[in-house]
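Report on the following structure.
The values are calculated or read from the model by the stated rules, or taken from the named source; none is laboratory data. These figures come from a predicted structure and were not determined experimentally. For neighbour counting, all protein chains shown are included, and Cβ atoms are generated from backbone atoms with ideal geometry for every residue, glycine included. The protein model used for the area step is the full one, side chains on, heavy atoms only, and it has no ligands, DNA or RNA in it. Shrake-Rupley method; radii C 1.70, N 1.55, O 1.52, S 1.80 Å.
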Amino acid sequence: MATVNYTCPSCGAPLTFNPDKQMFCCEYCLSEFSDKYIQDYYSKAESKASEEEVREGKAKQNTKEEQAEEAVVYTCPSCGAEVITTATTAATTCFYCQNPVVLGGRLSGEYLPDRVVPFELSKEKVIDKFMEMCKKKWFLPKFFADKKNFEKMTGVYFPYWYVDKQLQADMTATGKKVSTWRDRNREYTETKIYDVYRSGDIIINNVFERALKGEDRKVLQSVHPYDLSKAKKFAMSYLSGFQAEKRDLEKNDVSDTLNNRVSGYAKTLLEGSMGGYTSVNPKSYHEKTDLESWSYTLLPVWMITYKHNGKIFPYAVNGQTGKTYGKLPVSFGKLALFSLFVAVVAFILCFLGGMLLS
Amino acid sequence: MIRFSKKFTSIAFVLMLLCASAFTVFAAESDMLVDDNGLFDSNEAAKIEEALDSASLETGWDVRIYVADYSVSADNMEEYYNNFYDSSDYKEDGVLLVIDNDSDRRIIITKGDAMQYFSDERMNDIKNDMKVYLDDNDYYNAALTYARDVESFYTDGEDTDGSYENVELNKKDVPIIQRTFDNFGVFIIVIPIVAGIVFFVMTLFRYSFHGADNTYDLQGNSKLELTGREDRFVTSHVTSRRLSNDNDNNSSSGSSSKSSSHGSSGVF
């Protein structure tokens, strides 16, 4: 397996991408390098890794080996240790020497991402945000809101499919206008019914779906949105210091989901243009796609999993905006006690109210 | 001698006055029987008074008989004579027998502590005891029986096994806490329980799905240019309904008595 090990051009120490500075920084000699510099510096190494991956892929085809292997062994370029990763891991940290390693071949050829949104929040900032959030949650178990728990937080680039679509759509609907008025002892209701028709050219961009099986879909979907204006052309060096996953869901696997979602959005837009009615009831809808553009993007997510009462809970933080999503553990004792307090307060208020009315 | 006689006379006169005033004081206190209709003669009245005084002394209540010289309708007797008792300068605890001789109706009203000694069963007993004489129009013995029975009920103590449907309690006499629970007990118990459960469940739900779910900005990521637009009127219809008249609401004055708490034998 071809690997790329990003080291400091000055001192040779491991080089990682610093989200706070948006540059590559060496923790040892404190040198800083721009992303363009590192990409140019390592362009040969990255190409070599990609070519090696393609050769290995062809060799497996010739020997009729199964393409879908579950795990792969790679040799750490720093310490020489042999480490096993899953088939989708594209960047990781060597378990033994803790140096970042990018499995360049995994993100080459058809798996080469179109763009990447680099991490903007460092681990420390994310942990601080998380601790701030925990302080506001009264019913978390004592063990949870401890910084030590979040040292295990890992920055991961997850793969997503994005689609932009231009389409022509039309919709017919029944619109109702209802008005009421009163006259002495009677109330009158007038209902006017209309046939409503709208058609238009619609552009819908950045509809996304995760490109990785197995992970909690809700967590990966709900950690959005990302500001894609800050997305950069993909370079392997951005992955240094983080983990990354390559996709295992192809366009065909997610196209139905995405197309249905786009249709839903188009319908919402057309319905939104049918203003002035008390209610609108769509009857028919047609669409024709004019243009469709797909992109494969890696997005930054800080992930942490924790165990509580024998269950594993994943919690994700958007590596760009800090938006969080996940299931929080609850201290049932604290919650039950506070619920009882709420009940007592409600009892006192109801009783006082009853006394005033009696 | 004359001087001694004058002194003696003066002293005697003063003593007589004192005795007379004492007598009148006693006389003023002994109006447990008010006979506006002349039902009893003086001898009977005196004996009845004595019996009533004895009962009053024994019980500490006002044990009274009032013979009315006017009639009140049977339906109104209870309320009328309950108010009569309240407006008169009587003790808080007492028993009043009202005799409306013209209409041949009687009623017994109990007040204060006396209510607790006059269960429904005892009310029936006293009425039955009196009826033995009333059937023969012997009001004198009926009155004496009344006084005797009142005293006997007191001596026997409160009838804890009896029913007290004859007693009508004024709201204000019921402790407010009990009144509150009587009127709103279900709500006072159920609402806090529901509030506690709802809070528990909603917090669990919030912690289970922490974070906003809807993440796609449709407005920011889309554009619509209308190329065709048509709104065609099809039809309309009008419906109407009659509004309910608020004046039709029953202005319920409530059947609750505005009078104070009391027990009653009912008209007999």
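Once the convex hull of the C-alpha atoms of region A:128-190 is built, how many Å³ does it hold per residue, rounded to a whole number? Don't skip to the answer; put the middle values down first.
On the way: hull volume 18.6 nm³, N = 63.
Expressed per residue, the convex hull around the Cα atoms of region A:128-190 is 295 Å³.
Would you mind checking the pairs A:Lys152/A:Lys213; A:Lys44/A:Lys148; A:Lys137/A:Lys251 and listing those with alpha carbons more than 31 angstrom apart? Mind showing how you got there, number by number?
Numbers: A:Lys152/A:Lys213 23 Å; A:Lys44/A:Lys148 40 Å; A:Lys137/A:Lys251 40 Å.
Violating the 31 Å Cα-Cα cut-off are A:Lys44/A:Lys148; A:Lys137/A:Lys251.
Which Cys residues of chain A have no other Cys Cβ less than 4.7 Å away and so no disulfide-compatible partner by this rule?
A:Cys25, A:Cys134, A:Cys350
With the alpha-carbon atoms as the only input, what is the per residue convex hull volume for the protein assembly as shown in Å³?
Numbers: hull volume 224.8 nm³, N = 626.
Each residue corresponds to 359 Å³ of Cα convex hull volume.
A:Asn99: net charge of surrounding residues, Cβ under 15 Å, Lys/Arg +1, Asp/Glu -1, itself excluded? Could you put the intermediate results ahead of the total?
Values: positive: none; negative: A:Glu27, A:Glu82.
So the environment of A:Asn99 carries a net charge of -2.
So, for region B:20-171, what is the accessible surface per residue at a probe of 1.4 Å, expressed in square angstrom?
On the way: 7610 Å² over 152 residues.
Accessible area per residue, region B:20-171: 50 Å².
Give me the three principal axis extents of chain A from the C-alpha atoms, as integers in angstrom, largest value leading.
92, 60, 41
Calculated FRET efficiency, B:Glu225 and B:Val201, Cβ-Cβ r, R0 60 Å, to nearest 0.05?
On the way: r = 46 Å, r/R0 = 0.77.
Efficiency at R0 = 60 Å is approximately 0.80.
Quick one: angle between helix A:251-272 and the longest Cα principal axis of chain A, in degrees between 0 and 90, rounded to 10, please.
30 degrees
FRET efficiency for B:Thr155 and B:Met16, Cβ-Cβ distance as r, R0 = 51 Å, nearest 0.05? Working shown, then result.
Details: r = 39 Å, r/R0 = 0.77.
Computed FRET efficiency for B:Thr155 and B:Met16 comes out at 0.85.
In Å and whole numbers, how far do the C-alpha atoms of region A:315-358 stretch along each principal axis, longest first?
Reported extents, whole Å, longest axis first: 59, 24, 9.
Apply 1/(1 + (r/R0)^6) to the Cβ-Cβ distance of B:Lys131 and A:Thr278, taking R0 = 56 Å, and write down the FRET efficiency to the nearest 0.05.
Working: r = 76 Å, r/R0 = 1.36.
Step by step, r from the Cβ atoms, then E = 0.15.
Work out, step by step, the length gained on full extension between A:His286 and A:Glu32: first 0.36 nm times the residue separation, then minus their alpha carbon distance; give nm to one decimal. Write out the running numbers ahead of the final one.
Numbers: separation 254, 0.36 × 254 = 91.44 nm, distance 5.44 nm.
Fully extending the segment from A:His286 to A:Glu32 adds 86.0 nm.
Quick check: the angle from helix A:123-135's long axis to the longest principal axis of chain A, C-alpha only, nearest 10 degrees?
30 degrees
How far is helix A:332-357 tilted off the main Cα axis of chain A, in degrees rounded to 10, range 0 to 90?
Taking the Cα atoms of chain A, the angle to A:332-357 is about 20 degrees.
Residues in region A:220-254 near a label at A:Ser293, defined as backbone nitrogen under 15 Å from the 7 Å Cα→Cβ point?
Of the residues in region A:220-254, A:228-233 have backbone N under 15 Å from the label point off A:Ser293.
Is the shape of region B:20-171 rounded, prolate or oblate, going by the alpha carbon gyration tensor and its root eigenvalues a ≥ b ≥ c, with a/c under 1.5 for rounded and a/b larger than b/c for prolate?
Taking the square roots of the gyration eigenvalues as a ≥ b ≥ c, region B:20-171 is rounded.
Quick one: accessible area per residue over chain A, 1.4 Å probe, rounded to a whole number of Å²? Write down the numbers at each step before the final one.
Details: 17970 Å² over 358 residues.
For chain A, the per-residue accessible area is 50 Å².
Counting only other residues whose beta carbon sits under 13 Å from that of A:Ile204, what net charge do I get with K and R as +1, D and E as -1? Don't jump to the answer; show the numbers that get you there.
Values: positive: A:Lys165, A:Arg261, A:Lys267, B:Lys223; negative: A:Asp164, A:Asp201, A:Glu287, A:Asp290, A:Glu292, B:Asp217, B:Glu225.
So the environment of A:Ile204 carries a net charge of -3.
Within region B:20-171, how many Lys pairs sit with Cα atoms under 26 Å apart, leaving out pairs fewer than 8 places apart on the same chain?
Lysine pairs meeting both conditions in region B:20-171 amount to 10.
Write down the percent of antiparallel bridges among all DSSP beta bridges whose residues are both part of region B:20-171, to the nearest 5.
Numbers: 7 of 17 bridges.
About 40 percent, rounded to the nearest 5.
When you look at the Cβ of every residue in A:225-234, what mean number of other chain Cβ atoms sits within 10 Å?
Numbers: counts 7, 1, 0, 1, 0, 0, 0, 0, 0, 0.
Counting Cβ atoms of other protein chains within 10 Å of each residue's Cβ and averaging gives 1.
What total accessible surface area, summed over both chains, is buried at the interface between chains B and A, computed with a 1.4 Å probe and given in Å² to the nearest 100? Don't skip to the end; give the middle numbers.
On the way: alone 19380 and 20520 Å², together 34560 Å².
For chain B against chain A, roughly 5300 Å² becomes buried.
Expressed as a whole percentage, what fraction of the accessible surface of region B:20-171 belongs to carbon and sulfur atoms when a 1.4 Å probe is rolled over the protein heavy atoms? Don't skip to the end; give the middle numbers.
On the way: 3320 of 7610 Å².
Carbon and sulfur: 44 percent of the exposed surface of region B:20-171.
Loop only per DSSP, at most 15 neighbouring Cβ atoms within 10 Å: give me the GluC sites (Glu not before Pro) in region A:175-251, ordered by residue number. Let's see the in-between values first.
On the way: sites: A:Glu187, A:Glu190, A:Glu209, A:Glu215, A:Glu245, A:Glu250; in loops: A:Glu215, A:Glu250.
The qualifying sites are A:Glu250.
Given labels modelled 7 Å from the Cα in the Cβ direction, how far is it in nm from A:Ser358 to A:Thr172?
My value for the distance between the label points is 6.6 nm.
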